[in-house]
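Q: Mind looking over this structure? Questions follow.
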Amino acid sequence: MLFFFAASAVAGGASRTLASPLTAAAQPDLRGAIDAVDYRAIPESGNRKTRNLQQMIEQAARENVPVFLPPGTYRVSNLTLPDNTRISGVPGASRIVYTGEGHLFSAENVRRIELSNLVIDGGNRRLGDYAGGLLQFTGVDEVLIDNCEIGGSRKHGLQLERCGGRIERSRISGAAQSGLYAVDSTTLSVTGNTVLDCGNGGILVHRWKKAEDGTVVSGNRISNIRANDGGTGQNGNGINIFRADGVMVMNNQISDCAFTAIRANSASDIQISSNQCRRSGETAIYVEFAFEGAVVSANMIDGAANGISIANFDEGGRLASVTGNVVRNLTLRGPYQHEVGFGIGIAAEADTLISGNVIEGAPRWGLQIGWGPYLRNVVVTGNVVRKAPVGCAVSVADGAGTAVITDNVFQETSEGAVLGFQWEKKVSGEMAGGGSPYAQLTVERNRVS
């Protein structure tokens with residue numbers, strides 16, 4: 001069944017109305033929209049048509065109606081979106097192609113911007129020095145991007161600063177930097193997207209200074225994230241949380257990242273739950289540096305250099321719960337030389353509960369508890385560790401604090417189930433059965449087979 005929508009526009013000082021057919025299934029909510037054809041912002045347009053499209057967007061925002069782009073290719077650049085912009089097209093058919101020399105879309109200090117059902121193609125053309133991404137929004141209370149395809153950016157695909165809103169059901173690919181870079185966000189949700197084939201990162205949630213952020217990153221598929229700019233972890237991460245507190249990372253599918261599937265740096269009160277992490281080049285889930293408060297639970301890790309690391313007590317990293325995770329198929333190979341080495345299932349240093357996890361195939365240590373003097377109040381209980389040379393390596397170096405290691409099952413740990421280490425050097429015999437010679441350690445009721 002067909003219906004008609006009215007497209008009203010102002011051209012040459014005269015107002016007119018035209019009718020256009022549209023299938024109800026394609027665009028049932030665009031009654032009253034302004035049609036790009038009515039403004040001569042037709043496909044295969046040039047600089048003059050860019051001006052027409054800019055005028056159309058401004059007119060629609062003033063009249064509080066959406067802009068509809070019929071199927072075709074619109075070659076434009078340097079569009080500035082006013083408050084209350086809504087642009088929609090036909091999914092997969094309305095293509096906006098960047099022609100270079102600046103940016104494609106930008107908006108600053110407005111309340112609401114909405115883009116839906118568009119293909120947005122950067123063509124790998126140069127962006128201006130001032131432009132951080134193909135789409136760049138700053139100080140927008142509510143950015144709504146739904147069912148769009150964003151590709152071919154020479155920098156970030158989408159850059160948000162001081163923005164809230166929702167990025168959902170969209171596909172972001174081929175960005176030279178990251179797919180999505182969000183800094184100093186407020187009430188932002190990133191859900192149900194596909195991010196792939198990016199040069200340095202997938203989804204980045206950062207802040208200039210450590211503070212509450214509250215972004216939710218859930219239900220996304222992220223794959224093939226490289227680290228073209230190198231480093232030891234600042235690049236190559238599927239999801240990277242930096243200085244942003246109160247973030248939730250849940251139910252994501254992440255694979256083939258050069259470094260980490262999920263990396264939280266100086267991010268307090270973070271929840272990392274029910275994610276699938278496959279074939280990570282370094283540590284699959286990393287919580288590091290100055291954080292207080294982390295929950296890492298019910299994640300599936302298959303293939304990585306290290307599984308889960310709760311690190312940097314020397315930098316203030318502390319207070320975590322690591323429960324119900326499955327870690328398997330690790331490797332000794334990593335992307336750089338590491339002081340501890342790779343092939344470790346789960347590592348933690350301070351004020352942390354490690355419980356109910358299953359680790360299989362850690363070629364160095366199944367569990368690493370502390371490092372040198374950096375150990376305090378770690379409880380390890382009810383875990384299963386299989387096929388690791390050392391089941392649990394616990395630090396007994398000078399200055400190391402308290403650990404409790406009880407009621408775990410160790411199987412096929414050829415060098416020992418629970419052993420004491422001073423840094424990388426083994427200094428104890430088997431302690432799994434109880435009777436630890438170290439006053440700060442409680443080791444009992446473990447089963448070794």
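The values are calculated or read from the model by the stated rules, or taken from the named source; none is laboratory data. Just so it is clear, the model here is predicted, and its values are computed rather than measured. Quick reminder, even Gly has a Cβ in these numbers, built from the backbone with ideal geometry, and neighbours come from all protein chains shown. Only protein heavy atoms, including side chains, enter the accessible area calculation; ligands, DNA and RNA are left aside. Shrake-Rupley method; radii C 1.70, N 1.55, O 1.52, S 1.80 Å.
Q: What list of ³J(HN,Hα) values in whole Hz, one per residue of region 378-394 in order, does the Karplus curve 6.51 cos²θ - 1.76 cosθ + 1.60 (θ = phi - 60°) give from phi, with Gly and Pro shown as x?
A: For region 378-394, the Karplus-derived couplings read 10, 10, 10, 8, x, 9, 10, 10, 10, 6, 9, x, 10, x, 9, 9, 10 Hz, x marking Gly and Pro.
Q: Ranked highest first by the average count of other Cβ atoms within 10 Å around their residues, in what order do 298-304, 87-93 fall?
A: Output ranking for 298-304, 87-93: 298-304, 87-93.
Q: For a protection proxy built on the mean count of beta-carbon atoms within 10 angstrom, sort 143-152, 430-439 highest first, please. Working shown, then result.
A: Details: 143-152: 21.1, 430-439: 14.7.
Packing proxy ranking, top to bottom: 143-152, 430-439.
Q: Note the direction-averaged projected area, equal to a quarter of the hull surface, for the Cα convex hull of the chain, in nm². Write out the running numbers ahead of the final one.
A: Working: hull surface 88.3 nm².
In nm², the orientation-averaged hull projection of the chain is 22.1.
Q: If I take every Cα pair under 8 Å that is 6 or more residues apart in region 40-188, average their sequence separation and divide by the length, what percent do I get for the relative contact order? Please list the in-between numbers first.
A: Numbers: 439 pairs, mean separation 24.5, N = 149.
Computed value for region 40-188: 16 percent relative contact order.
Q: Please calculate how many Å² of accessible area the chain carries per residue, with a 1.4 Å probe and no DNA, RNA or ligand atoms counted.
A: On the way: 17340 Å² over 449 residues.
Spelled out: the 1.4 Å probe surface of the chain, per residue, equals 39 Å².
Q: Pop out the ³J(HN,Hα) list for region 67-81 in order, Karplus 6.51 cos²θ - 1.76 cosθ + 1.60 with θ = phi - 60°, rounded to Hz; leave Gly and Pro as x.
A: Karplus-based 3J(HN,Hα) across region 67-81 equals 9, 10, 9, x, x, x, 10, 10, 9, 9, 7, 6, 8, 10, 9 Hz.
Q: Amide H neighbours of VAL195 under 5 Å, at least 5 residues apart or on other chains, H built in the peptide plane: list them.
A: Amide H neighbours of VAL195: ILE172, ARG221, ILE222, SER223.
Q: If you line up the Cα atoms of region 362-449 on their principal axes, what length do they span on each, largest first, in Å?
A: That gives 31, 23, 18 Å along the principal axes, largest extent first.
Q: Against the longest alpha carbon principal axis of the chain, how many degrees, from 0 to 90 and to the nearest 10, is the axis of helix 47-63 turned?
A: 80
Q: When the accessible area of the chain is split by element with a 1.4 Å probe, what percent falls to carbon and sulfur? Present the calculation step by step, with values, prior to reporting the outcome.
A: Numbers: 8140 of 17340 Å².
Here it works out to 47 percent.
Q: Select from SER395, THR260, ILE310 the residue farthest towards the positive end of the dipole of region 50-448; place +1 on Cβ of Lys and Arg, -1 on Cβ of Asp and Glu, and compute about the Cα centre.
A: THR260
Q: Now, a different point. Would you mind counting up the charge near GLY192? Only other residues with Cβ under 10 Å from its Cβ, with Lys and Arg at +1 and Asp and Glu at -1. Don't skip to the end; give the middle numbers.
A: Values: positive: ARG166, ARG169, ARG221; negative: ASP146, GLU168.
Overall, the nearby charge balance is +1.
Q: Once you keep just the Cα pairs under 8 angstrom separated by 6 or more residues, what percentage relative contact order results for region 177-250? Walk me through the intermediate numbers first.
A: Numbers: 195 pairs, mean separation 27.1, N = 74.
Computed over region 177-250, the figure is 37 percent.
Q: Residues with amide H under 5 Å of ASN446's amide H, sequence separation 5 or more or different chain, H placed in the peptide plane at 1.01 Å from N; which?
A: ASP407, ASN408
Q: Now a separate question. To the nearest 500 deg cm²/dmol, what mean residue ellipticity at 222 nm is calculated for the chain from DSSP H runs of n ≥ 4 alone, each contributing -39,500 (n - 2.57), summed and divided by the residues?
A: On the way: 1 runs with 17 residues, N = 449.
It lands at -1500 deg cm²/dmol.
Q: Using Cα pairs under 8 angstrom and six or more residues apart, how large is the relative contact order of the chain, in percent? Each step should come with its number before you reach the end.
A: Numbers: 1538 pairs, mean separation 25.5, N = 449.
Relative contact order here is 6 percent.
Q: Something else: Over what distance in Å are the Cα centres of region 51-69 and region 235-279 separated?
A: Using only Cα atoms, the two centres lie 38 Å from each other.
Q: Residue by residue through region 352-360, which ³J(HN,Hα) values in whole Hz follow from phi under the Karplus form 6.51 cos²θ - 1.76 cosθ + 1.60 (θ = phi - 60°), with glycine and proline marked x?
A: Those phi angles translate into 9, 9, 10, 8, x, 9, 10, 10, 9 Hz.
Q: What share of the DSSP beta bridges in the chain is antiparallel, in percent to the nearest 5? Mind showing how you got there, number by number?
A: Working: 13 of 172 bridges.
So the antiparallel bridges amount to about 10 percent of the total.
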